[in-house]
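Have a look at the structure below before the remarks.
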Amino acid sequence: MTEIDDDTKAERVNKNRLKRNNRRVVLQAFRSTPILTVSEIADATGLSKPTVHRAAEFLRGRDLVHTAGKGASTDEGGKKPTLLTLNARYRHILTFQILAQGLLSGISDMQGKLLAESSVAFPYNTSLDTILAEMRKAAEAMTGELRIDYADFAGAVIGGHGIVDAARGVIEGSPCYPVWGTKVPFQRLVADLFPVPLPVFMDNSNRYSAYAEMRTGAARDRKSFLVMDGEAEGLGAGLVLDGVLWHGGHYMAGEIGHMIVDPTGSCVCHCGARGCLETVACVATLVRGAKDGFADHRDSLLFSRMQPGEVSFIDVYDVANAGDEFAQSLVDAQARWLAIGIVNVTLVADPDLVILQGPYARGGDYLLARLLHHMSQFAHPRLKRYPEVVYSRFGRERVLVGGSHYVADRFYSDESLYE
């Protein structure tokens, strides 16, 4: 008798597990295509229409899915199918990015769409207390604007600056905020800002940028890729290998800006080392080169439009794309250093795609052409293999978008949601 009872219990457990799995599969279909019919979900998932219908009804009952009117009839006519859509406002996600000299904050829905956004600039080496206070202020302002409560959040996410131990939510050290010291328990400090307990996630900003590309950007169909971002004086990267966001043994994977490429050069990095890649390849170096070259290149298109002190990296890229020889020499030098960095990463991690983000994404045809030229020169002499390079479509919101998708993925993986 005991054996029969145990068998019955095991069968019930298996059926419940199957139901939960079917509900999860159906919900994930909506995350890829927000509006679907039962037939379309069945075709996409391989589940039977009755199974999809039962799962969809469960999700509707939990308010995870809504009806969205009627679809078109088939060519044969007949009853119009009911359209179903993901309830992207089921929960919200609070997102922060610590910039080199500022804070970017946002609130996203469960599809990664930014519903509110704010930013504030800081001077170099702003205190930790000041930044935490600004984070609290931004959160209160945005929740008030959207009229939502903290209980409506699936979680909060922070794109940190510097070396971030994502497992513990600790900033090991941030070069632009040395006053913070080392091993800052940033994740816990942020969790304490909210009036109710919230799941809080934290990682280096560039990793969330990579996550944005993986979920909805240029790397959706790629398993191994690198994102490179050249904000101001720095150069950071996020690395995905075999579909996994890569951290490394000491959470330093992606810190390619501190790869030593010119050890005998004159440039000393803010990290204290000499010859880091970011000292020669960042956009600030591009702008300094333009200003320093004014005396010898007064006839450049750059200086027919503005004074040396007004030049930005966008101006240098634009004029280089217009054919100006001086601007092209500056961009070509930057492309050469970037190519050295990419080829070195390729020999270690072998990504098949590199995505240029931030200021680099404004480089246009000339930067891309020169970068590919130098990569072909530096690549393995016999194999001549190097990754494809493309520009990102994301703007400054990339970290917030990637972070929100990261939180949503973890929220939707919770078994209790499908009980």
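The values are calculated or read from the model by the stated rules, or taken from the named source; none is laboratory data. Every value quoted in this text rests on a predicted model; they were computed, and no experiment measured them. Neighbour counts are summed over all protein chains in view; Cβ atoms, including those assigned to glycine, are modelled from backbone coordinates with ideal geometry. Surface areas here come from the heavy atoms of the whole protein model, side chains and all, with no ligands, DNA or RNA. Shrake-Rupley method; radii C 1.70, N 1.55, O 1.52, S 1.80 Å.
Rundown of residues vs (1) within 20 Å of ARG207 (Cα to Cα); (2) hydrophobic (A, V, I, L, M, F, W, C); (3) not in a loop (DSSP other than H, G, I, E, B), yes/no style:
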{"residue": "MET110", "(1), (2), (3)": "yes, yes, no"}
{"residue": "SER118", "(1), (2), (3)": "no, no, yes"}
{"residue": "PRO123", "(1), (2), (3)": "no, no, no"}
{"residue": "LEU132", "(1), (2), (3)": "no, yes, yes"}
{"residue": "LYS137", "(1), (2), (3)": "no, no, yes"}
{"residue": "THR143", "(1), (2), (3)": "no, no, yes"}
{"residue": "GLY159", "(1), (2), (3)": "yes, no, yes"}
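Could you grab me the full set of residues in the stretch 31-55 that are aliphatic (A, V, I, L, M), closer than 22 Å to GLY112 by Cβ and either part of a helix (DSSP H, G or I) or open to solvent by 40 Å² or more (accessible area, probe 1.4 Å) (or both)?
ILE35, ILE41, ALA44, listed by residue number.
Got at least one residue in the stretch 161-171 being over 22 Å from the mean Cα position of the chain (by Cα), free of Cβ contacts under 8 Å to residues at least 24 places away in the same chain and open to solvent by 10 Å² or more (accessible area, probe 1.4 Å)?
no
Conditions first: (1) part of a helix (DSSP H, G or I); (2) open to solvent by 10 Å² or more (accessible area, probe 1.4 Å); (3) small (Gly, Ala, Ser). GLY402 passes all but one, so which condition is the exception?
(2)
Determine which single condition ALA68 fails, assuming it passes every other condition in (1) open to solvent by less than 10 Å² (accessible area, probe 1.4 Å); (2) assigned to a strand (DSSP E or B); (3) within 30 Å of VAL38 (Cα to Cα).
Checking ALA68 against (1) open to solvent by less than 10 Å² (accessible area, probe 1.4 Å); (2) assigned to a strand (DSSP E or B); (3) within 30 Å of VAL38 (Cα to Cα), the one that fails is (1).
Which numbered condition in (1) open to solvent by 30 Å² or more (accessible area, probe 1.4 Å); (2) aliphatic (A, V, I, L, M); (3) over 17 Å from LEU18 (Cβ atoms) is the only one that LEU84 fails?
In the conditions (1) open to solvent by 30 Å² or more (accessible area, probe 1.4 Å); (2) aliphatic (A, V, I, L, M); (3) over 17 Å from LEU18 (Cβ atoms), LEU84 misses (1) alone.
All but one of (1) touching an Asp or Glu at 6+ places or on another chain (Cβ under 8 Å); (2) more than 23 Å from ARG222 (Cβ to Cβ) hold for PRO387, so report the exception by its number.
PRO387 satisfies all of (1) touching an Asp or Glu at 6+ places or on another chain (Cβ under 8 Å); (2) more than 23 Å from ARG222 (Cβ to Cβ) except (2).
Give the stretch 189-203 a look and list any residue that's assigned to a strand (DSSP E or B) and either open to solvent by less than 10 Å² (accessible area, probe 1.4 Å) or among the charged types (D, E, K, R) (or both), or say none.
Hits for the stretch 189-203 are MET202, ASP203.
For the stretch 336-351, indicate whether the set of residues that are charged (D, E, K, R) and modelled with pLDDT under 95 is non-empty.
For the stretch 336-351, residues charged (D, E, K, R) and modelled with pLDDT under 95: present.
Yes or no, residue by residue, for (1) of a type outside the set (Phe, Trp, Tyr); (2) over 22 Å from the mean Cα position of the chain (by Cα):
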site	(1), (2)
ARG60	yes, yes
THR67	yes, yes
ILE93	yes, no
LEU114	yes, no
TYR124	no, yes
LEU128	yes, yes
